[in-house]
Amino acid sequence: MSAPAFLLAAVPLFPLSLALCCLSNWFRARALALLVLAPLPALAAAILVPKGGFAIFPPPFRLTLVLDEPGAILLAGAALLWSAAGAYAASLMARDPGRQRFTVWWFLTLTGSLGLFVVGDVVNFYLLFTLASLAAYGLIIHEQSPPAHRAGVIYVALALAAEALLLIALVMLAAGHPDANPLIRSVVMDLAASPMRDGIVVLFILGFALKMGLVPLHVWLPLAHPAAPTPASAVLSGVVVKAGVIGLIRFLPFEAGAPFWGSVLIGVGVITAYYGVLVGVTQKRAKTILAYSTVSQMGLLAVLLGVGLANADPEAAHLAAYYAVHHTLVKGALFLGVGILAVTGGRRFRLVFLLMGVLALSLGGMPLTSGALAKLATKPLLGYGWLAGAMTLAGAGSTLLMLHLLLILRHYAAEDAATSPLLGQFMPWLVVTAASLVIPWSLYPAVAGEPAASLVTPDALWKVGWPLLLGAGAMLLVQRWPGRLGMIPEGDIVVLAQTGQPLMRSLSNRIGEIDVHLRRWPAAGLGLIALAILLGGALMLRA
Amino acid sequence: MTAALHATTPGGFLLVLAVILPVCAVLAILACGPRSAARIAMATLAAGLAVAVAITVELVWSGAALTYVVGAWRPPLGIALRADGLSGAMLVMTALVVVAVGLFARVQYGLREGGGSERERTTFWQMLLALWSALNIVFVGEDLFNLYVALELLTFAAVPLVCLDGRAETANAALRYLLFALIGSLLYLLGVGLIYGQYGTLDLLALARLSRPDPALSVALALMIVGLLAKAALFPLHLWLPPAHAGAPAQASAVLSALVIKAPIFLILRLVLDVAPGQVAFLAGQLLAVLGAASILFCSVMALRQARLKLMIAYSTVAQIGYLFIVFPLAAGGAGTSPWETIAWTGGALQLISHALAKSAMFLAAGIVIKVYGHDRIADLGGFGRALPISATAFGLAGLSLMGVPPSGGFVAKCLLLTAAVIEGYPWLAVTILLGGLLAGGYVFRIIDKALAVSASPLPSRAGVPRRLELTALALAIAAVLLGFVPLRPFGFLQIGRSGLAMAGL
Amino acid sequence: MMLLFDIALVAGLLTLAVHVVREPDERSAIIAFLAFGLLLGLAWIRLAAPDVALTEIAIGGGGTGILLLRAEAAVRGRGKHEESVTRPGKLAIAVGCAAISAGLGLAVLSFASPAPTLAPAAAEGLSATGLGNPVTAVLLAYRALDTLLEKVVVLLALIGVWSLAPDAAWGGVPAVRSGEIPQPLAYLARILPPFGVVIGVYMFWVGADAPGGTFQAGTVLAAMWLLVMLAGLRSPPETAGLPLRLALAGGPILFLAIAFLGFAFADGFLAYPKALAKPLILAIEAALTLSVAAALAMLVAGPARRAPTR
Amino acid sequence: MSGLADIATIVLVSAGALLFLAGALGLLRFPDTLSRLHAISKADNLGLGLIVLGLLPQMASLAGGLKLLCIWLLAQLSAATASQLLARAVHRDRADR
Amino acid sequence: MTVALQPSVLFGLCGAALVGIGLFAVVSSPGLLRRIVGCNILGAGIFLVFGAVARRGAGAGFEADPVPQALVITGIVVAFSASALAVALLKRLAEPRSDA
């Protein structure tokens, strides 16, 4: 095991070992401080390990890890946000009674989400995917409040559905393969040839769409993310949602390309982007607005991947990863910022609010920020047709949403001016904010192939600037219609699903009655006789 | 008559020990009286486990099936015992679960207040050992009538376990169980009579060569399979299982759910895949698959509806054995391959073992929770994760294996069955497996949610529950999860002793 | 000529069976079932199976008869009735049962013409066991494992019955005698047992070479012991008492001991050395007869009622 | 000699059969339990005795004959006790009512 | 017609009929005791089928094949034990005992 392979192995195994150590009460009581350290090996691996690094484990564990270009980019952003959120959580949760439970769930979710970026074989991808989704439940219901409980139940129901879809897709994918646990790359290679190609691609899209939160499968996201404590919702919205993105990057046949499914993905992406903004504008709580902004951004990512799939060009995966990293850092910083604003007052509030403003607008694509970089990098991919226009409109929409968020945040300040955020929470937020500016800038040349200087040219600034102004204008328009706040309840469509509840209950009562009848002695006896006649007759007639 | 199929192999006497040792213990307890019951039982548990492991080692080492001709009278006149790969796996599974349940009961009965009366203790030890002997005979028996006597021994050992606590409603459940199981055994016996009338032999291997699709065999197989379905409580015939397994004490219901209903299923597996000629096997497989799928879906929904914990686990048992019945069409084996080479065969065997381990762990954990809380209403079990962390973890791990979440044994079994369903082209079975997993997730999660919830009322004190009690449940649950790591494919343990059989019928 | 008798017998059996099923009054249904059991014995004679005829009349007719009569007496009026069946339900069940019987009849008629049989194989092996009666040879030599397990089944049923006693009374004395004892019964209980025991021992002894054997003899002895207990001449034994437990477990333990000796002296488990085959089998039969007698009597006596005298 | 024995057997066995027939008729026709009991116990015992007597000459060995007599004695004993018990039970029921 | 009138086939068919009657009794009767009686009739029918099989298998100097006869003897004893356990359970149900 060479050094990089060992480092690569440490990515999932270090946090897992921390989780296992939590079995001892002594360790669990002190584990809160380790939250910040857990993702560090992943950060180091993302930076140091050469692209294409391999780590293979002996037979009983059958685990292979591989680090490729998009994986490394995503891993870097994710690891950084995880450790920052970990530090934030360490100080926030210092006196929370349930902190030991929180730590264990945190380590497990961390293992799952970071492992997903580096795992190379099919079975362990599914294992880590399951670990990430089920462990996240622990974070969501941490506060034990009724809305958290409701969000948790809906989250798990849909997570289990996603896993079922993914399982059948993986089984169909690996069915023809001789090796029991094939590598993802080799299996996707001969996906084009397999007879069940369309079925597999559909199932993958459905499964990962459910995880990313594309409309109409997004209903759990606006409920789950706000319900979790601030650092947890930062990480959920920032990184755990990216499991869907890395899944699509790994499993969609970019080389062979699937034009029809590509356009489907684009369509869904566009709808989701607009839907996120339209519903987000009507929300009152800051965290819910951010959740809907995540839904909208995931829509954009889906469009990028859809274009890549339609034109059969694997380059789209790198751009999508770059955009995803930008979203990870900015969204994480925003969530942490919301937590900090709530506890700062007076002069310091205005400073933090200013920084939050910059972050929010960077999501909309403000020049010189990572948003602009991401938009410029993905511009050539989208080409100049109606799609590019739709995307810029979506950018304006997200600016509108962010301005709405800032208006909501204005009166979030603490009452007495003297209160100031704890250093333990403020510093991680600053680190993530800084990273959200630095990392995209440093990665831009590698990803977009042009020098950073080209960004400062006036026409690039204008290309990014005018959607911002459009968004501001739209905000003025929307501002005059305050009745809209609270018009659509959180989790929109799920409320419709709730109306389906009595239907489900009557169906299950029906089944209960049938069971009571079936378990009466004469009915069971008759069943026995009928089965004997059926089987005997069938065997005698046909054989 | 046909050439002698069975010849005693060197390791053969181990089979006799596996069968007769628990019987000797039962007689010893009867002769020496109640005070010695626990000591004799513990000694037999250890010896039995050693014999089971020795059988497996002998199987792996010799690579061929172990055979023992009892009393040196060759079949068809005499009786032979034969253990192939699958039987070896079943023996070890049974030994593991019985030893774990025995340790659990030993600690349970050692407690001062919750210890149970002398009647309960002595009867439990005798019934557990008799049950173990009956299971071993079912897994290694080769003679149809000998298997009938083993099935009766199993029923007579299981029924008193159901009404061990002496309450009237458990006595009613036990009577319904006894009568329905009796109808099942009598139908099975009728089938045995018809087969003897048609072929003049009761030996499974000889029958596999002689069986041709003629009316007598069709009627016989139909009656035997339906009789065994009644004893295995598959979906339409599951009237006796929920009250019986819910009424029994925790350690008893663990053994009942995990092992007792597996014996008739194992016999159906042998009858359909070994004895029945090709066309008959295909037809029977289709019907059993339809029943299995109905059982998975119907009883999973029923499990979701239950308000009491043990009833929910009992219904989950009926649902999970549905998986074992959808193996038949998948393992029917095409023209070239025979059933035991298909992956569905390995998947089915793995599901059998992982369900046994997971279900017994779940029942033991539930038993501890009910003992501490004093009731088993799910609604009022809030926060038992904090009161009994080890039991909650055991329950969770067992639940994960039932749901088929990686890396548990249940997941590997479900994966193999799904792959077989995809390859053999049974989309409706694939959908059933997935829906079953989802529903299982539903009812397991309902309990995990209760475990993690913060309960309004103060948590009951766990004074009376020693840690060793919970560790046995946890050990079983961990075994169910670790089963996923056992490398099955390379050396094909489950295929030992089968490849040599030239199945004339298939 | 005999055909006429057979047809009459079958007609009698079927009408009695239908009568047992349709009779509303429990007690007369059971008495009809008793008659049915005895007629069945005749049927077995016509099927040239005297051993089975003896067993059927002794255990099937007599044993089950007294069991059901005592059950009916205990349950009269108090037993709760379960789900009653609607008319169409009964009809459907009747049609189903008729179909199963028809299928069974078809199977019975379609048996292979040169009936496959193990009679020649059994005859060859008879000399090795030194026995004259082939059925006893099958029971105690060729398929000895079945008989051993079947004996354990009987004991297990007994342990199951005993486990239904209340906790306080477990291990105590079952209630056999009820109310005051009519004089003729006491008189019969004094006169009949000696004859019964002689007949039982004779049946066990002759079992080796002619129809008879363990279970039939055991049942006769059990009947005699029950008669004595019913007449109150001797009180039932304590279920946890050592003598009863040894009597019960003695038979199978001896059987197992001889079976394990087979490893050393003969070629395998449950095999008998050729020279000693007959005496060993007779010893096993003697012990088994005693155990069967004790077990069947205790099964009829039921679980303990009065607390044991510690 | 054998001619005489055969005639005796036919006569005795047919007489026994007739008595059984009478017993059965009595069982069906008589109004109350006690009289039916009377018919059955008298007719059947005598009938059985005649049949046994009739079969004696046909028996090959003396032991066989002795066995037949034992059977008849045992039947007598159990029939007598049974009818006594039944009569007592009927009497007690009548007394309760 | 003569084929059906040999004793073995006649009693075999009688056994089949008894199985039908017994099964009807067990399944359709409301009373628990009647079900136990039904089980016994069902068992008797099954053993008659065994008897018919034994009678057909006569040979080597025996009037009937000894193996099925031995099976029937074992079957009868097992059926008796089952009835005894069922009756004991039934009596336990009938006696009004406070749940110990």
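Rule-based calculations on the coordinates, nothing more; no lab input. Predicted, not measured: the structure shown is a model, and the values here were computed from it. Using ideal geometry, Cβ is built from the backbone for each residue, glycine included, and neighbour counts are taken over all protein chains shown.
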**Request:** Hey, can you grab everything whose amide H is under 5 Å from the amide H of B:SER117? Only 5+ residues off in sequence or another chain; H modelled, so Pro and N-termini drop out.
**Result:** none
**Message:** Using the Cα centre of the protein assembly as shown as the reference point, and only Cβ charges (+1 on K/R, -1 on D/E), how large is the resulting charge dipole? Debye, rounded to the nearest 20.
**Reply:** 3340
**Prompt:** Given Cα pairs under 8 Å that are at least 6 residues apart, what percent is the relative contact order of region E:22-85?
**Reply:** 25
**Burial ranking of peptide ranges A:197-208, E:58-69, A:43-54 (average Cβ count within 10 Å, highest at the top)** = E:58-69, A:197-208, A:43-54
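Excluding B:TYR199 itself, calculate the net charge of residues whose Cβ lies under 11 Å from the Cβ of B:TYR199, where each Lys or Arg counts +1 and each Asp or Glu counts -1. Walk me through the numbers before you get to the answer.
Working: positive: B:ARG209, B:ARG212; negative: B:ASP203, B:ASP214.
Net charge around B:TYR199: 0.
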**Message:** Give the aspartates and glutamates reachable from A:LYS242 as a straight Cα distance under 20 Å; neighbours fewer than 8 places away on the same chain don't count.
**Reply:** A:ASP68, A:GLU69, A:ASP121, A:GLU163, A:GLU315
**Message:** I want the local charge near C:PRO182. Using Cβ-Cβ distances under 10 Å, sum +1 for each Lys or Arg and -1 for each Asp or Glu among the other residues.
**Reply:** +1
**Item:** At R0 = 41 Å, FRET efficiency that the Cβ-Cβ distance of D:ASP32 and C:PHE195 yields, to 0.05
**Value:** 0.75
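Students often get this wrong, so check it: of B:LYS359/B:LYS450; B:LYS231/B:LYS450; A:LYS284/A:LYS463, which have C-alpha atoms separated by over 23 Å? Display every interim value, and only then the final one.
Values: B:LYS359/B:LYS450 19 Å; B:LYS231/B:LYS450 33 Å; A:LYS284/A:LYS463 32 Å.
With Cα atoms farther than 23 Å apart: B:LYS231/B:LYS450; A:LYS284/A:LYS463.
Normalised by the residues of region B:373-486, what does the relative contact order come to in percent, with Cα pairs under 8 Å and at least six apart?
Working: 127 pairs, mean separation 55.9, N = 114.
49 percent.
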**Request:** Enumerate the whole-percent occupancy of each 5 Å bin, from 0 to the last occupied one, for all C-alpha pair distances of region C:1-73.
**Result:** 4, 18, 23, 23, 17, 9, 5, 1, 0
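Can you give the average number of partner chain beta-carbon atoms within 10 Å of each beta-carbon in peptide C:88-94, as a whole number? Mind dumping the intermediate values first?
Values: counts 0, 7, 6, 1, 6, 11, 6.
What the average comes to for C:88-94 is 5.
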**Fill in**
In a Gaussian network model of chain C with springs linking alpha carbons closer than 10 Å, the residue among C:LEU14, C:LEU227, C:LEU68 that fluctuates most is C:LEU14
**Message:** At R0 = 51 Å, how high is the FRET efficiency between D:LEU66 and D:ARG94 if r is their beta carbon distance? Nearest 0.05 is fine.
**Reply:** 0.75
**Request:** Just tell me how shielded B:73-80 is by partners: mean number of partner chain Cβ atoms within 10 Å of each residue's Cβ, no decimals.
**Result:** 6
**More than 34 Å apart - percent of Cα-Cα pairs taken over chain A** = 39
**Prompt:** Once both labels are modelled 7 Å past Cα along the beta-carbon direction, what's the C:LEU38-B:ARG386 spacing in nm?
**Reply:** 7.4
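As a check on your grasp of the helix formula, calculate [θ] at 222 nm for chain C: sum -39500 (n - 2.57) over DSSP H runs of n ≥ 4, divide by the residue count, round to the nearest 500.
Working: 12 runs with 207 residues, N = 310.
Here the helix-only value at 222 nm equals -22500 deg cm²/dmol.
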**10 Å binning of all Cα-Cα separations within region C:206-310, expressed as whole percents from 0 upward** = 14, 37, 28, 15, 5
**Request:** Taking the dipole about the Cα centre of the protein assembly as shown, with the C-beta of Lys and Arg at +1 and of Asp and Glu at -1, give me whichever of B:LEU304, E:PHE11, B:ILE40 is farthest to the positive side.
**Result:** B:LEU304
**Asked** Taking the simple approach of a point 7 Å from Cα along Cα-to-Cβ for both C:ALA123 and A:TRP386, what is their distance in nm?
**Response** 9.5
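Using R₀ = 51 Å, calculate the FRET efficiency as 1/(1 + (r/R₀)^6) where r is the Cβ-Cβ separation of A:LEU351 and A:SER186; round to 0.05. Kindly include the intermediate steps, with their values, before the conclusion.
Working: r = 53 Å, r/R0 = 1.04.
Result of the calculation: an efficiency of 0.45.
Rounded to the nearest 20 Debye, what is the dipole magnitude of region B:12-495 about its Cα centre when Lys and Arg each give +1 and Asp and Glu each give -1 at the C-beta? Spell out each step's value before the answer.
Details: 29 positive and 19 negative charges, 222 e Å.
Value, rounded to 20: 1060 debye.
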**Asked** Which whole number in µm²/s is D for region C:20-126 by Stokes-Einstein, with the Kirkwood Rh taken over Cα pairs at 25 °C and 0.890 mPa s?
**Response** 140
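For region A:315-419, would you read off the P(r) tail past 24 Å as a percentage of all alpha carbon pairs? Can you show the working numbers first?
Values: 1733 of 5460 pairs.
Within region A:315-419, distances greater than 24 Å cover 32 percent of Cα pairs.
Dividing the convex hull volume of the alpha carbon atoms of the protein assembly as shown by its residue count, what do you get in Å³ per residue?
Details: hull volume 296.9 nm³, N = 1556.
Convex hull of Cα atoms, per residue: 191 Å³.
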**Item:** Span from the region B:331-400 Cα centroid across to the region E:15-36 one, whole angstrom
**Value:** 38
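Need one number for chain B: average projected area of the convex hull over its C-alpha atoms, nm².
On the way: hull surface 85.3 nm².
Orientation-averaged projected area of the Cα hull: 21.3 nm².
Using packing as a proxy for protection, rank A:83-93, D:54-64 so that the peptide with the highest average count of other Cβ atoms within 10 Å comes first. Don't skip to the end; give the middle numbers.
Working: A:83-93: 24.5, D:54-64: 12.8.
The densest-packed peptide leads the list: A:83-93, D:54-64.
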**Asked** So how do B:302-310, C:106-114, A:491-499 stack up, highest first, on mean other-Cβ count within 10 Å?
**Response** B:302-310, C:106-114, A:491-499
**Neighbouring partner chain Cβ atoms per residue of C:69-75, average, 10 Å criterion** = 5
**Item:** C-alpha center-to-center spacing [region B:85-143, region C:292-310] in angstrom
**Value:** 26
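Note down the net charge around A:VAL241, summing +1 for each Lys or Arg and -1 for each Asp or Glu among other residues with Cβ under 11 Å from its Cβ.
Values: positive: A:LYS211, A:LYS242, A:LYS331; negative: none.
Here the count lands on +3.
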**Distance in nm between pseudo-label sites at C:LEU69 and A:PHE57 (7 Å out along the Cβ direction from Cα)** = 7.3
